[in-house]
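The values are calculated or read from the model by the stated rules, or taken from the named source; none is laboratory data. Please read all numbers here as calculations on a predicted model, not as lab measurements. Cβ atoms come from the backbone with ideal geometry, glycine included; neighbour counts cover every protein chain shown. Keep in mind that these areas ignore ligands, DNA and RNA; they rest on the heavy atoms of the full protein, side chains included. Shrake-Rupley method; radii C 1.70, N 1.55, O 1.52, S 1.80 Å.
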Amino acid sequence: MAIPTSPKERNLNATGVVAAAVVPAAGRGERLGPGAPKALRELGGVPLLVHAVRALARSRAVGLVVVAAPADGVAEVVALLDSHGLDGKDIRVVAGGATRQESVRLGLAAVPAEVEVVLVHDAARPLVPVDVVDAVAAAVRAGADAVVPGVPLADTVKRVRPQTGGGPEPVLDTPDRATLRAVQTPQGFRHTTLSEVHEKALAEEAGGTMPPVTDDAGLVEHFGGQVVVVPGHEEAFKVTRPIDLVLAEAVLARRRASDGF
Ligand code: CTP
Ligand code: MG
């Protein structure tokens, strides 16, 4: 093992647990269509959530995984994770909330205070390569407060004035694509930073002044923190619509064929 170089790294090593991962898995998966909650839908015969937890557990950086399950499905998720033999890592399950942000907050509450690095990873990104998990954790350990994996965009992106009812939408402008990144998970944070922005967001929501924010890094940005992007991976895509499951099955089949994954 490398000799710890910074006080922060020494502290992290001393805890025994380098990083915890919070996995929001309480969504219904409306866009995927009717069926079981998305995290429990199968990919290659294994639930998306199990793939996602395995992907995190494969990283030596991760010592604890906290899953935020559908509130009415906690016992089912506990049984599921048990039956898939995810030994060797500390895995806990809590009830998630009505929004992704609430699910993350509830999961975060189960992370012990002495854990200094927290990753947040969507259950809906089952195929994230372990290299991405490692790279995000390493960037936080190296001193960043908030780290997101991102990839360049293939499509040109236009900002529009949205029209209800499917009418033509006037274009406002076209951001320079070279400056855009599609961001993925796991997103990594100093534990204190992530807890602080979630608490502040809750307070601002109560006051009715919180704008919509769709990821944890967005909360850090909103409260003035610095977020950095590290290279993500095309296989870390989110299973959102039915076509994504088709793609995920193909990626999994290719992996199984090439390395017995
Ligand atoms: N999530 C959650 N709690 C919620 C809503 C979402 O934990 N109340 C989780 C999902 O389970 C998913 C991740 O947040 O792992 C990303 O959200 P998304 O892809 O939007 O999943 P769903 O909300 O389930 O899907 P949809 O928006 O199509 O209903
Ligand atoms: Mg959603």
Number of the exception - GLU249 against (1) surrounded by 14 or more Cβ atoms within 10 Å (Cβ to Cβ); (2) more than 18 Å from the chain's Cα centre (by Cα): (1)
Tally, over region 132-143, of residues that are among the small types (Gly, Ala, Ser) and either assigned to a helix (DSSP H, G or I) or crowded, with 20+ Cβ neighbours inside 10 Å (or both): 4
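I need the full set of residues from region 198-236 which are of a type in the set (A, V, I, L, M) and more than 21 Å from GLY143 (Cβ to Cβ), in order please.
So the first thing to find is which residues in region 198-236 are of a type in the set (A, V, I, L, M), and the list is 201-203, 206, 210, 213, 217, 219-220, 227-230, 236.
Within region 198-236, ALA201, LEU202, ALA203, ALA206, MET210, VAL213, ALA236 meet the criteria.
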Condition met for LEU64 (part of a helix (DSSP H, G or I) and among the aliphatic types (A, V, I, L, M)): no
Filter pass, ALA71 being modelled with pLDDT of 95 or more and more than 21 Å from THR99 (Cα to Cα): no
Subset of region 171-190 (residues that are surrounded by 10 or more Cβ atoms within 10 Å (Cβ to Cβ) and not in a strand (DSSP E or B)): THR174, PRO175, ARG177, LEU180, ARG181, GLN184, THR185, PRO186
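Kindly provide the set of residues from region 51-76 that are of a type in the set (A, V, I, L, M, F, W, C) and open to solvent by 10 Å² or more (accessible area, probe 1.4 Å), ordered by number.
Going through region 51-76, the residues of a type in the set (A, V, I, L, M, F, W, C) turn out to be 52-53, 55-57, 61-62, 64-69, 71, 74-75.
The answer is ALA57, ALA61, ALA71, VAL74, ALA75.
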Looking only at region 74-131, and only at residues there that are within 16 Å of ligand 2 (Cβ to nearest atom) and acidic (Asp, Glu), the one that is farthest from LEU64 (Cα to Cα): GLU102
